[in-house]
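Here's the structure, in structure tokens; my notes come after.
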Amino acid sequence: MKIKKKRIELDFDNKEKIVLVGKALSSDIRLDILNLLINKSVNISEIAGTFQIPLSSAALHVKVLEEAGMITATEQPGVRGAQKVCGIAFEDIYFNAFRHKMDRDNIKVYHFPMGIGNYYNCRVNERCGIISEHSYLGVEDSPYGFYSENRQEAQLIWLASGYLEYRFPNYMLKKNKVKELSFSFEVCSEAPGYQNDWPSDITVWVNEREVATIYSKGDFGGRRGHLNPDWWSDTMTQYGVLKNITVNDQGCFQDLLKTSDETMNTLGICDGYYISFQIGVKSDAKNLGGMNLFGEKFGDFAQGIIMSVQMDSSEEDEPEAEEEF
């Protein structure tokens with residue numbers, strides 16, 4: 001009876017398996033052994049004889065192939081004692097490079113945009129400012145504008161040190177199985193005018209716990225931001241860098257680089273009535289270079305702060321947000 005061989009499935013959720021299969025396929029001798037086993041099962045002695053290699057080398061190659069799940073090696077009695085008989089164990093190899101990004105087919109992504117002027121709380125010093133698409137809000141280069149009645153119109157906010165706190169609703173997270181939470185935003189340092197070489201350490205907190213410190217190389221200018229209004233001077237800050245902070249069961253990540261062991265559970269994402277997102281510059285930061293935070297009509301990216309949530313779509317309740325499949 002012919003037994004159907006298995007498919008070896010690879011994806012980035014199991015990097016160890018990728019390494020094992022890659023190692024198994026990286027040797028000409030092991031490829032020849034696989035080709036031999038397609039036609040018939042043989043023992044290790046026959047492999048050594050066929051390819052004129054030491055018995056110990058043949059055994060080592062068999063072990064590598066077996067660990068990769070590509071062959072089976074079963075002990076069977078022989079004239080000179082038990083022998084390992086080897087047979088092919090797979091039919092093909094399938095590598096899904098994008099599976100890790102969406103996890104499974106039943107995952108949906110929901111986006112919750114937040115205007116940069118919709119902060120719940122702030123702490124700023126004298127070197128700060130806030131502007132809309134059309135003009136400065138409040139008194140130029142002072143904290144007064146941060147408490148203006150029309151601060152929700154803000155499209156660019158800068159500060160030398162301090163923070164801004166935003167609160168996102170978490171009701172939908174309590175009723176659905178959440179796989180991952182992330183925040184994206186455009187940001188850079190804050191210097192007089194602009195200085196492309198002006199490092200700053202910009203810190204992010206989620207639910208009052210520090211999860212990442214972004215190293216900003218400078219306050220960027222020299223060309224106009226793609227979205228900047230005509231009245232904004234070429235001598236000022238022009239654009240930032242789009243950053244992404246992700247929280248899942250493995251920890252916190254800045255653009256795929258792990259920054260903290262805090263998880264959705266330890267951060268209490270589903271506790272209370274909201275998720276607190278804070279961004280700012282500590283007064284004792286090593287690189288005290290300030291921060292510019294861009295809205296959807298300034299800089300290079302048409303967005304403010306976006307909280308994205310990966311959820312299990314098999315749940316019945318869906319949040320009121322922009323949906324992406």
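Annotation note: Cβ proximity below 6 Å between a residue of segment 4-23 that is over 18 Å from residue 98 (Cβ atoms) and a residue that is at pLDDT below 90 and not in a loop (DSSP other than H, G, I, E, B) (sequence gap 6+ or interchain) occurs for 5/91.
Of the residues in segment 179-230, how many are of a type in the set (Asp, Glu) and within 22 Å of the chain's Cα centre (by Cα)? Adding up the residues that qualify gives 5. Residue 159 meets each of the listed conditions (1) under 17 Å from residue 295 (Cβ atoms); (2) surrounded by fewer than 18 Cβ atoms within 10 Å (Cβ to Cβ); (3) of a type in the set (A, V, I, L, M) apart from (2). In segment 37-93, the residue that is surrounded by the fewest Cβ atoms within 10 Å (Cβ to Cβ) out of those that are in contact (Cβ under 8 Å) with a residue 60 or more places away in the chain and among the β-branched types (Val, Ile, Thr) is 93.
Are any residues in segment 149-174 of a type in the set (Asp, Glu) and part of a loop (DSSP other than H, G, I, E, B), and if so, which ones?
Hit for segment 149-174 is 149, nothing else.
For segment 128-148, state whether one or more residues are crowded, with 20+ Cβ neighbours inside 10 Å, assigned to a strand (DSSP E or B), in the same structural domain as residue 212 (by TED's automatic domain parsing) and not aliphatic (A, V, I, L, M). Before you say what the answer is, go through the steps one by one.
Just the residues of segment 128-148 that are crowded, with 20+ Cβ neighbours inside 10 Å, to begin with: 128-132, 137, 145-146.
Still in the list and also assigned to a strand (DSSP E or B): 128-131.
Now narrow it down to the ones that are in the same structural domain as residue 212 (by TED's automatic domain parsing): 128-131.
When the remaining residues are screened for being not aliphatic (A, V, I, L, M), the result is 128-129.
The answer is yes, given that some residue of segment 128-148 is crowded, with 20+ Cβ neighbours inside 10 Å, assigned to a strand (DSSP E or B), in the same structural domain as residue 212 (by TED's automatic domain parsing) and not aliphatic (A, V, I, L, M).
The values are calculated or read from the model by the stated rules, or taken from the named source; none is laboratory data. Quick caveat: nothing in here was measured; it's all calculated off a predicted structure. Every residue, glycine among them, receives a Cβ derived from its backbone with ideal geometry; neighbour counts consider all protein chains shown.
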